[in-house]
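The values are calculated or read from the model by the stated rules, or taken from the named source; none is laboratory data. Just so it is clear, the structure is predicted and the values come from calculations on it, not from any experiment. FYI the Cβ positions are ideal-geometry reconstructions off the backbone, even for glycines, and counts take in every protein chain you see.
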Amino acid sequence: MDDSTPPRYVTDRGIAIGRTNEFDRLVLHYKQPHTPFTANALREDRDLRRYEYDWWGYLGETGDYETVWNAYLDDLRYVLNDVAVLLENLNAGTVAISADHGEAFGEYCEYGHHIGSLHPKVRTVPWVETTATDEGTYTSSVDPPLANKTDSSVENILEALGYRK
């Protein structure tokens, strides 16, 4: 399917780290919504369809804007469901929910988020501020990264990464 990190892993690790450490700031970066749009394929346990992994090509050939738009919205809902879990399982006086870019969907005949785009839909990103309260509704279940389970000395980590023999 896709080698991107699913939102639940990011949520799980964020909750686990947030509950066991004191930070002034904790930054989590979810990939979704971003191509490929994996939400429906994961929910339906199937391979990605073309409109999910090559929406520009699919849209250009079919003109099927509604299918692509709905896949994008489903991917957005997919990640926002995990943001809701996160907000119920961390304590934070201020939480900023944002993105690294916006997305154009046909405005001024532009689609996507091309590098260097001056398109207002790409350059204007969402920004919402809220709070979070740990209600204990979620228990971390994803195993921490391997480095946390083994000898984490600098030399051993460098060796595991192929920098030392």
Condition broken by residue 22, with the remaining ones in (1) within 19 Å of residue 102 (Cβ to Cβ); (2) at pLDDT below 95 satisfied = (1)
key: residue 49 being of a type outside the set (Phe, Trp, Tyr) and at pLDDT 95 or above   = yes
key: Residues of segment 11-40 that turn out to be touching an Asp or Glu at 6+ places or on another chain (Cβ under 6 Å) and hydrophobic (A, V, I, L, M, F, W, C), as a count   = 2
message = Regarding segment 72-85, can at least one residue be identified that is in contact with an Asp or Glu (Cβ under 9 Å, 6 or more places away or on another chain) and without any contact (Cβ under 8 Å) to a residue 60 or more places away in the chain?
response = yes
note = Within segment 65-75, residues out of contact with any Pro (no Cβ under 9 Å at 6 or more places or on another chain) and either of a type in the set (Ser, Thr, Tyr) or at positive phi (or both) come out as 65, 67
note = Picked from segment 36-64 (must be acidic (Asp, Glu) and touching a Pro at 6+ places or on another chain (Cβ under 9 Å)), the residue surrounded by the most Cβ atoms within 10 Å (Cβ to Cβ) is 52
message = Among the residues of segment 90-103, are any farther than 25 Å from residue 8 by Cα and modelled with pLDDT under 90?
response = no
task = Output the qualifying pairs, or none if there are none: Cβ atoms under 8 angstrom, residues six or more apart or on different chains, first residue in segment 153-165 and among the basic types (Lys, Arg), second residue in a helix (DSSP H, G or I) and modelled with pLDDT under 75.
result = 164/158; 165/159
